[in-house]
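As structure tokens, the structure follows; a few thoughts come after it.
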Amino acid sequence: PQADDARGLTVTITAGPTREALDPVRYLSNHSSGKMGYALAAAAANRGARVRLISGPVALATPAGVERIDVTSADEMLAAARQAAGDSAIFIGCAAVADYRAEQIAAHKLKKSANDDGMTLKLVRNPDIIALIAEARINASVSESAAASPRPFMVGFAAETRDLESYARDKLERKNLDMIVANDVSQAGLGFGADDNAALVLWRNAAVEPGRAELPAQSKARLAEAVIDQALRGYRAMRSG
Ligand code: PMT
């Protein structure tokens, strides 16, 4: 990678899981460790970018030179992402956002009842953070003057266990993204929690030839450098197109 070729650009990255409280002592979450998102933040910072890392609860040190914003729930992550997106050249959604949260967060610890052998939780949908950021920026770039900053180059991740390419392409279109990094999270030793990962990168803009790139299994640190490379390529194609 070329040192310093991202100087002057602000890159916002979401990482880790979100945690959705059920009561004061319990929550819903997932196995994201934050390793992939933190590796992206380190790779972008190494290229000279100004990096904001919006992080769910993880046990990782903040990469050097990175501004970290800690959040817990999807709602908090959305608020932080909205604040950060305005002046970002590139927005990368690597967080594993919980798709649902409890309809009500119990004020006191939920109790077992003596004559019951089960319980039902009512869940409601969480906001789709990356789709809302992509949509808001599209609207802003239509209504603002030509001098206003264009929408960030929007990069999503897709965690799939089957039909990787077709599900990822669907998310790329449906969420109005510019690029998607699809990873097969059913493969042993890759994906959630692992030190290594592999990915298929897809772009929406046909100008980025040939429209897809396969990144083989490697450390998340090296994969992150390749993803940042591809994001910069796509960003430049968008700016010149
Ligand atoms: O953290 P690690 O242990 O290193 O693991 C890395 C990873 C497997 C979590 C990462 O590589 C990854 O795939 N992250 C995305 C996980 C995910 O939730 O994917 P998804 O297919 O459900 O979501 C698609 C995209 O929409 C993602 O960019 C996601 O951040 C975003 N999203 C999803 C739901 C939601 N409510 N809001 C969102 O912004």
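Each reported figure results from applying straightforward, stated rules to the coordinates on display, with no laboratory input. Computed from a predicted model, the values in this text were never measured in an experiment.
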Setting aside same-chain residues fewer than 8 positions from K171, which aspartates and glutamates have a Cα under 15 Å from its Cα? D99, D128, E135, E160, D163, D184
Comparing S33, S55, S219 in a Gaussian network model of the chain (Cα, 10 Å), the one with the largest mean-square fluctuation is S219
Report the residue, chosen from A44, A15, A89, that carries the largest GNM mean-square fluctuation when the chain is represented by alpha-carbon nodes joined by springs under 10 Å. A89
Could you state the number of Å between the C-alpha centres of the range 150-211 and the range 64-133? 21
Mean Kyte-Doolittle of at least 1.0 plus a Cα span of 18 Å or more along the axis: flag which DSSP H helices in the chain meet both, please. 129-143
For the chain, what does the convex hull of the Cα positions come to per residue, in cubic angstrom? 142
Only helical DSSP H runs with n ≥ 4 go in: add -39500 (n - 2.57) per run for the chain, normalise by residue count and round the 222 nm mean residue ellipticity to 500 deg cm²/dmol. -9500 deg cm²/dmol
Taking a straight Cα-to-Cα line shorter than 17 Å from K112, and setting aside same-chain aspartates and glutamates fewer than 8 residues away, one finds D23
